[in-house]
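Beneath this line is the structure, given in structure tokens, with notes to follow.
Taken together, the values in this text are just the output of simple stated rules run on the coordinates, not laboratory data. These numbers come from a predicted model, not from an experiment. Note that each Cβ is placed from the backbone with ideal geometry, even for glycine, and that neighbours are counted across all protein chains shown.
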Amino acid sequence: MPKISLLQTYLIIMLSVGLLNHVIIIPLLLGASGRDSWLVVLLVLAASPIWVGVLSYVLKNMNGIHIKDWLKHHFGVFFSAILIVLYSVLVWLMGTISLKDTLTWTIATYMPQVPMPVLASATLVGCFFAASQGLRTIAILSGILLPFVVILGDLVMTANFQFKEYTMLFPLLENGTSPLWKGVPYAAGGLLELSLLTLLQHKMTKKAGFKSLMLICMILSCLTIGPLMGSIAMYGPYEAAHQRYPAFEQWRMVRLGEYVEHVDFFSIYQWLSGTYIRVSLSLFLLSELWNLQKYKWLPMLLGALFMLVAVLMPVSDMVFQDLLSRYYFPSFCVFTIGVMLIYVFRILISTRRSN
């Protein structure tokens, strides 16, 4: 069974979760916390050692055992089946939300006359092909795509320094601490997605330890706080909160010297790289969760077809954003934290019994 290294795993995480942190979370965070949104990210990062400690403890106990077998051993056939179904819904939503958000942005910005079914079908065919080739293929693609994504990110950050006024990041807490707590589920959502490592750890050549997990938490937090502070510094907290795609709006401001501007097409590469890896990973995880030896492609195919149906449903972007802010992120945080705590208690009970 081909496995991937810890570095390759983190490359996948950086592109997959990076898309969530860099694109999907930022408008929700600005809408909930306004000027204080960047402080929310630091608050969540400060609390992340507790989460990382819990996650690393669970990963160490799993010891490379497939999630399906590990759950069956600790929780029995019935409860393990329920958890597999819940995980399947979760990873399917992960891919569907990313695909929906990307297609909405694509049609709104640079391909307004291309029908949604054509864009959705073409994207899903490519993602299905990558997922069907296995995790190693997704890892290699991530290693190729990520360096250029990082370089372009540094370009947009550096080029826009001339337009930024960082005094607009202050004063903090002018409306009390209420905006802070409103933004916590969104800022925490990206870091909590590291729990997906429990679904991948049997495919890794080395375990993810506390130090490496903390490092990846810091990197993911930087992917959120960078464009977040940039948006507030460029447009002010009120204008930034009303923008649908704040990270993309920063690309529109890039100007290199007197004669080079309108380079926002680079953002297409960044965005589609993250979407491609995230949706491909989602489809691959559906296959891994069910672990059907003879028909491994079936969960991927069904997942892709249901994604296609979901993104073509007549749901407005306002309703979509409302569903994410009210239901998806709060539910995801409660589910992830709750499940990981259950795992810890079950491991402790098993350890005591064995002693």
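Shown in residue order for the range 180-195 are the 3J(HN,Hα) couplings computed by the Karplus curve 6.51 cos²θ - 1.76 cosθ + 1.60 at θ = phi - 60°: 4, 5, 5, x, 4, x, 6, 5, 6, x, x, 5, 5, 5, 5, 4 Hz (x for Gly and Pro). Just tell me which aspartates and glutamates come within less than 19 Å, Cα to Cα, of Lys3; anything on the same chain fewer than 8 places away is out. The qualifying aspartates and glutamates are Asp69, Glu288. Please say if the range 178-226 is rounded, prolate or oblate, where rounded means a/c under 1.5 for a ≥ b ≥ c the square roots of the C-alpha gyration tensor eigenvalues, and otherwise the choice is prolate for a/b larger than b/c and oblate otherwise? Prolate.
Binning the C-alpha pair distances of the chain at 10 Å intervals from 0 yields a P(r) profile of 5, 24, 34, 25, 10, 2, 0, 0 %, listed from the shortest bin outward.
Among the listed pairs Lys68/Lys207; Lys72/Lys207; Lys68/Lys211, which are separated by more than 25 Å between their Cα atoms? Please list the in-between numbers first.
Working: Lys68/Lys207 18 Å; Lys72/Lys207 21 Å; Lys68/Lys211 27 Å.
Over 25 Å apart, Cα to Cα: Lys68/Lys211.
Could you tally the net charge around Ser142, taking each other residue with its Cβ under 12 Å from the Cβ of Ser142, Lys/Arg +1 and Asp/Glu -1? With Lys, Arg at +1 and Asp, Glu at -1, the net is +2. Couplings 3J(HN,Hα) of the range 237-250, computed from phi: x, 7, 5, 4, 5, 8, 7, 7, 10, x, 5, 5, 4, 5 Hz, in residue order, whole Hz [Karplus 6.51 cos²θ - 1.76 cosθ + 1.60, θ = phi - 60°; x for Gly and Pro]. Placing a label point 7 Å from the Cα of His73 along the Cα-to-Cβ line, the residues of the range 338-355 whose backbone N sits under 19 Å from it are 340-355. Among the chymotrypsin sites (Phe, Trp or Tyr not before Pro) found in the range 266-355, those both in a DSSP coil and sparsely packed, with 14 or fewer other Cβ atoms within 10 Å of their Cβ, are Tyr295. Sparse packing (at most 13 other Cβ atoms within 10 Å of the Cβ) combined with a DSSP loop state is found for the following chymotrypsin sites (Phe, Trp or Tyr not before Pro) in the range 108-213: Tyr110.
In the chain, if the dipole is taken from +1 on Lys/Arg beta carbons and -1 on Asp/Glu beta carbons about the Cα centre, which of Phe332, Thr106, Leu256 is farthest to the positive end? In the chain, that residue is Phe332. Put the Cα centre of the range 151-207 next to the Cα centre of the range 278-355 and the gap is 21 Å. Database remark: amide H of Glu261 closer than 5 angstrom to the amide H of Leu256 (H placed geometrically; neighbours at sequence offset of 5 or more, or on other chains; Pro and chain starts carry no H).
Taking the centroid of alpha carbons for each part, the range 214-259 and the range 24-86 are 26 Å apart. Taken about its Cα centre, the range 170-310 carries a charge dipole of about 800 debye when Lys and Arg each add +1 at the Cβ and Asp and Glu each add -1 at the Cβ.
Applying a DSSP loop filter and a limit of 13 other Cβ atoms within 10 Å to the chymotrypsin sites (Phe, Trp or Tyr not before Pro) in the range 1-63 leaves nothing. 3J(HN,Hα) couplings calculated from phi for the range 335-342 with the Karplus curve 6.51 cos²θ - 1.76 cosθ + 1.60 (θ = phi - 60°) are, in sequence order, 4, 5, 5, x, 5, 5, 5, 4 Hz; Gly and Pro show x.
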